[in-house]
Amino acid sequence: MSENTADFAASIQNKWRAVWERSDVFAADGDADRNRAYVLDMFAYPSGDLHMGHGEAFAIGDAVARYRIQRGDDVLHPVGWDSFGLPAENAAIKRDLHPADWTYSNIDTQAESFRRYGVSFDWSTRLHTSDPEYYRWTQWLFLRFRDKGLAYRQQSSVNWCPKDQTVLANEQVVQGACERCGTQVTKRDLTQWFFRITEYADRLLDDMELLRDGWPERVLTMQRNWIGRSTGAHIEFPVKGRDEPIAVFTTRPDTVYGATFLVVAVDSPLAAELCAPEQRADFDAYLERTRKLSDIDRLTAGTAKTGVPLGRTAVHPLTGEPMAVWASDYVLAGYGSGAVMAVPAHDQRDLDFARAYGLPVRPVVATGEDPAMTGTAIDADGPYTGSGPLDGLLREEATEQILAVLERAGCGSAGVQYRLRDWLVSRQRFWGCPIPIVHCGSCGEVPVPDEQLPVRLPDLRGADLAPAGVSPLAAAEDWVNVPCPSCGGPAQRDTDTMDTFVDSSWYFLRYCSPDYTDGPFDPEAVRRWMPVTQYVGGVEHAILHLLYARFFTKVLQDLGLVDFPEPFLALLNQGQVLLNGSAMSKSKGNMVDLGGQIAEFGVDAVRLTMVFAGPPEDDVDWADVSPAGSARFLARALRLADDIESVPGTAPESGVLALRRVVHRTVDQATQLVENHRFNVAVARIMELVNVLRKHIDAGHAADPAAREGVEAVAVLLSLFAPYTAEEMWERLGHRPSVARAGWPTVDPRLVKEDDVVCVVQINGRMQGRIEVGADITEEDLVGLARDRAAAGLADQEVTRVVVRAPRLVNFVTAEGRGKK
Ligand code: ANZ
Ligand code: ZN
């Protein structure tokens, strides 16, 4: 791009940025008696400077916010940073820096970039989750969760990343590997803190109904699958020589007569307990092998099934037949009861297992097939056989009946299971929010009193923060050793820090009153702004962050702290920015630098390119777009403003009607398009309007009031996507800043409406007369008018059918008319 473009862009950027900042253009009012809108961008993680992905996300979010401002809404558009976290900590360690120094210097860099990018943030909302003023309240909320029994500590087998030396939530294990560093995740038995999100599983599912209109269907589906509600039954199988039966969860209780053996998760406490002494050696060896596998590996269909017999015998509760009890890796310890009744004839995994070990296969649905031979489990419906009271029934009835049978026999009942697990929130790393608990030899777990919050992170400058399996906090003895808040005796602080997803589960509430000191947020302010009108962010947060934020909101509702069940009414997921078809990544070396693009083409050209590339949900391939073309278009738009020869305030009514129609139709369409987030098409319409205006001016109409009306409309519409150019146009048109608050142009419906058309009214195909109607008349209105016109001709004939070709023809077909044919 020419020197000129770059220099000019930089000069208007510097000029207007200073003006906007001085006059606080984007501060939310909050007290105004206007429609309010809370436009929220997922806040940034300070890993470095802003990148192309930010460029896209914030161009889109800003278009939404700026549109609401132009509509006259009081808009809260806050800014902040998700500034605790493992990636920043690792990056800091690699550079031999303190995580705080690294993080806050990145924040400064990003803040400067955001300001240059012209995002309409209300900077007074600015927060960082790693500030003690913020995490004080993260800790306070943790304690309220604990008061409610929703935060608890428990030993369990957890995902462990050997590289990062920390536990991971199930959610952070992707295909068996650490989501952060890609290392294969293993299992460890550790005592960890959990949030009891499973208690909210039903509400998280059921309240998705409230989001049906505002959220992408695909995100709702991902959440639904993640929660994974299954309905079925719990059935108990007595075990010889053991008081307690083995309980299983099944989604197919109707197949219970086909259950021929039991399988217990090899890594469950139950398996270890059941294992007979003579099987112990085999069992231990098998367990050792299983520990290296991820849940995904274990569940993968089609892999050869393995297991060991436990040397125990169970009894079928309905037939009294003996059943062998096996341990295997294909049953997961963390799901249901960690044990299944194997129905090899009707469950593929059970069939694979039965065939591998020669266990009995007994079909209970008669289809004439023999799975033991075919190797394919039967899923088809059919009359049940060998199933006692179910014989002859079909599946629906059998499913209903069996619950009664099980209940009568006292060995089972209807049950529900969820895939969702409780949320493991503790991390053995430094750069996070300390867990506000003290462990006392005599009092046990003692919460740090509210008035002593925050529990500040110790500085640990100069200490080795490298992953070592225990939190670096454990080594900070001065920090760890404290008097017990309850008895005053010697005690130790909890040395874990919280998952950063905890920090981001409530930041949108804090934004409403970021400086509030009497609680996590001012209830008044939250009532004013929440729930969020429009949330904008990446689909990579479709499950975790959104589920956690929804969970927090529901808990806060139960605590009486908020009075709504869902935090985000509408969600927009922008696509990714790619280069030559693949995601940009440092390792691939195909990064495009946002700062470099801005230096070359200017902020506005980059922003416009981002929104013009396609619908916001689609990926943008930077190889296929033209920021230079965007810059040329913006220069063209700006020249229009220079060429207008009427004075500001000129009444448009005396302008050339044909042009006014184009202007008003463009604004009308752009309004619909922006409302529906079709920004790319809205930009195309603006481009067309610019062309029409250029021709009009060049044809000698520079003084036409309609030309001014049109160019002013271009400035306002463009202010959503190219704020600097729009502001510059506005000034050259003779207005004072800011175009951002100029107000959305009003559309005159008479100028938008297409001309009237003539509609022919017929009875049985014979002309009765003509009526003049609007081109966009509804069928219903048209038939009404036509009926009036044809009233005399219809007299008391019975109309059997009306043929409508809106807006040009209505034909009434009558019983008599048909008779004549
Ligand atoms: C008998 C049966 C017969 C089953 C049949 C299925 C089909 P979802 O839908 O995921 O809830 N199951 C139960 N607990 C398990 C565990 N801890 N690990 C692995 N598998 C487990 O699946 C529930 C079904 O998965 C249950 O129903 C059980 O197998 C198995 F024709 O029981 B079923
Ligand atoms: Zn104590």
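Entry note, the stretch 98-211: relative contact order of 21 percent, from Cα contacts under 8 Å with a spacing of 6+ residues.
Within the chain, what percent of beta bridges assigned by DSSP are antiparallel, to the nearest 5? Write out the running numbers ahead of the final one.
Numbers: 72 of 98 bridges.
Antiparallel bridges: around 75 percent, rounded to the nearest 5.
With Cα atoms defining each centre, the stretch 502-556 and the stretch 150-182 are spaced 25 Å apart in the structure. Screening the chain for whole DSSP H helices with an alpha carbon extent of at least 18 angstrom along the helix axis and a mean Kyte-Doolittle hydropathy of at least -1.0 yields 3-23, 52-70, 395-409, 544-558, 627-643, 657-675, 679-696, 705-718. When the helices of the chain are scored as -39500 (n - 2.57) per DSSP H run of n ≥ 4 and the total is divided over every residue, the value at 222 nm lands at -11000 deg cm²/dmol.
Cβ under 11 Å from Lys753's Cβ, Lys753 left aside: what net charge do those residues give with Lys, Arg +1 and Asp, Glu -1? Mind showing how you got there, number by number?
On the way: positive: Arg661, Arg665, Arg750; negative: Asp668, Asp748, Glu754, Asp755, Asp756, Asp776.
Once positives and negatives cancel, what remains is -3.
Amide H to amide H, with H built 1.01 Å from N, Ser471 comes under 5 Å of no residue 5 or more places away or on another chain.
Here, the stretch 107-262 yields an orientationally averaged convex hull projection of 16.4 nm² when only Cα atoms define the hull.
Seen from Ile197, the other residues with C-beta closer than 10 Å to its C-beta sum to a net charge of +2, counting Lys and Arg as +1 and Asp and Glu as -1. Highest mean packing first, where packing is the average number of other Cβ atoms within 10 Å per residue, the peptides 595-603, 538-546 line up as 595-603, 538-546. Ranked by the mean number of other Cβ atoms within 10 Å of their residues, highest first, the peptides 370-383, 676-689 fall in the order 676-689, 370-383.
Convert 25 °C to kelvin, take the viscosity as 0.890 mPa s, use the Kirkwood radius over C-alpha pairs of the stretch 546-619 as Rh, and evaluate the Stokes-Einstein diffusion coefficient in µm²/s, rounded to a whole number. Please list the in-between numbers first.
Working: Rh = 15.7 Å.
D, rounded to a whole number, is 157 µm²/s.
Residue by residue, the stretch 175-182 carries 3J(HN,Hα) couplings of 6, x, 10, 4, 4, 7, 10, x Hz when phi is fed to the Karplus relation 6.51 cos²θ - 1.76 cosθ + 1.60 (θ = phi - 60°); x denotes Gly or Pro. Taking the protein heavy atoms of the chain in the context of the full set of protein chains, the accessible area attributed to carbon and sulfur is 48 percent at 1.4 Å. Shape of the stretch 109-154 from its Cα gyration tensor (a ≥ b ≥ c, root eigenvalues): rounded if a/c is under 1.5, otherwise prolate when a/b > b/c, or oblate? Note, shape of the stretch 109-154 comes out prolate.
Report the percentage of all Cα-Cα pairs in the chain whose separation exceeds 35 Å, rounded to a whole percent. Show your work: numbers first, answer last.
Values: 208377 of 336610 pairs.
Cα-Cα pairs of the chain separated by over 35 Å account for 62 percent.
Given a 1.4 Å probe, how much area per residue of the stretch 99-208 is accessible, in Å²?
On the way: 4070 Å² over 110 residues.
Value returned for the stretch 99-208: 37 Å² of accessible area per residue.
Can you give me the relative contact order of the chain as a percent, contacts being Cα pairs under 8 Å and 6 or more apart? Before the final figure, lay out each step's value.
On the way: 1541 pairs, mean separation 113.8, N = 821.
Here the relative contact order equals 14 percent.
Separation of the stretch 356-379 and the stretch 653-723, taken as the distance between their Cα centroids, equals 70 angstrom.
Sorting 52-58, 447-453 by their mean Cβ neighbour count within 10 Å, with the most densely packed peptide first, gives 52-58, 447-453.
The values are calculated or read from the model by the stated rules, or taken from the named source; none is laboratory data. Just so we're clear, the structure is a prediction, and the values are computed from it rather than from any experiment. Note that we place each Cβ from the backbone using ideal geometry, even for glycine, and neighbour counts take in every protein chain shown. Ligands, DNA and RNA are excluded from the accessible area calculation, which covers all protein heavy atoms including side chains. Shrake-Rupley method; radii C 1.70, N 1.55, O 1.52, S 1.80 Å.
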